[in-house]
């Protein structure tokens, strides 16, 4: 699915986050960046037959941004960016030593039940960024969706006090609990101009009430 790496000189926490992502994106690989340039990484991703390159950028010791790049020798291109409030690692949720999935299966992207239109839009965007498959949640269970699409891995877009969050389920590990990592997103931006900003969205929600005075 994708080659996962970091910016130069990552912190231990950022490296752990990269390894967590390797465990929830099927048939993906975390690669230590070293001195590799973007072009080096793109060529390595291409040589390994990955369709995406994901770079996690660090700021003040924590992952700040996730950059998604399309891997295609005739059409390289940045797809979009996620700016993060914060993350919660798998070990912090209570899951350790989860093995990566070394086989082809779809990453299904859906939402929690009864979320807003912003969450649905982001679920579609996250599927585009990752090469996953967006499936509307409606009233279906996660187990039912997983069975329908023959997968053990689901990415679920949830509500979050400061924006929205991405959580991950590995049904071969636990059929009841999300294994993480939990990613809190404050801004997403697509190269085609689509974007969402938590502060702007919050301001727009407050504005009608304020105008009534």
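With runs of 4+ DSSP H residues as the only contributors, calculate the mean residue ellipticity of the chain at 222 nm using -39,500 (n - 2.57) per run, divided by the residue total and rounded to the nearest 500.
About -9000 deg cm²/dmol.
Cut-off is 10 Å between beta-carbons; in what order do 139, 200 appear when sorted fewest neighbours first?
By the 10 Å Cβ count, ascending, the order reads 139, 200.
Kirkwood hydrodynamic radius, region 37-85, all distinct C-alpha pairs: what's the number in Å?
11.4 Å
Counting residues in region 1-75 as N, plug N into 2.2 N^0.38 Å and put the Cα Rg over that result.
My calculation over the Cα atoms of region 1-75 gives 1.02.
Determine, from the Cβ-Cβ distance of residue 175 and residue 7 and an R0 of 35 Å, the FRET efficiency 1/(1 + (r/R0)^6), rounded to the nearest 0.05.
Approximately 0.50, to the nearest 0.05.
With a 10 Å Cβ neighbour count serving as the proxy for reagent exposure, in which order, fewest first, do 41, 21 appear?
So the ranking, lowest neighbour count to highest, is 41, 21.
If you take the C-alpha gyration tensor of region 108-213, multiply each eigenvalue by 5 and take the square root, what semi-axes do you get, largest first, in whole Å?
28, 15, 12
How would you rank 76, 196, 188, going from fewest to most other Cβ atoms within 10 Å of each one's own Cβ?
Going from least to most buried by this count: 76, 196, 188.
Can you pull the Rg over Rh of the chain, Cα-only, Kirkwood?
0.97
Relative contact order, percent, of the chain when contacts are C-alpha pairs under 8 Å separated by at least 6 residues?
RCO, the chain: 19 percent.
Considering all alpha-carbon pairs of region 79-162, what whole percent are spaced by more than 20 angstrom?
Distances greater than 20 Å cover 41 percent of the Cα pairs.
Expressed as a fraction of 2.2 N^0.38 Å, the rule-of-thumb size for a compact globular protein of N residues, what is the C-alpha radius of gyration of region 104-146?
1.11
Taken together, the values in this text are just the output of simple stated rules run on the coordinates, not laboratory data. Just so it is clear, the model here is predicted, and its values are computed rather than measured. FYI the Cβ positions are ideal-geometry reconstructions off the backbone, even for glycines, and counts take in every protein chain you see.
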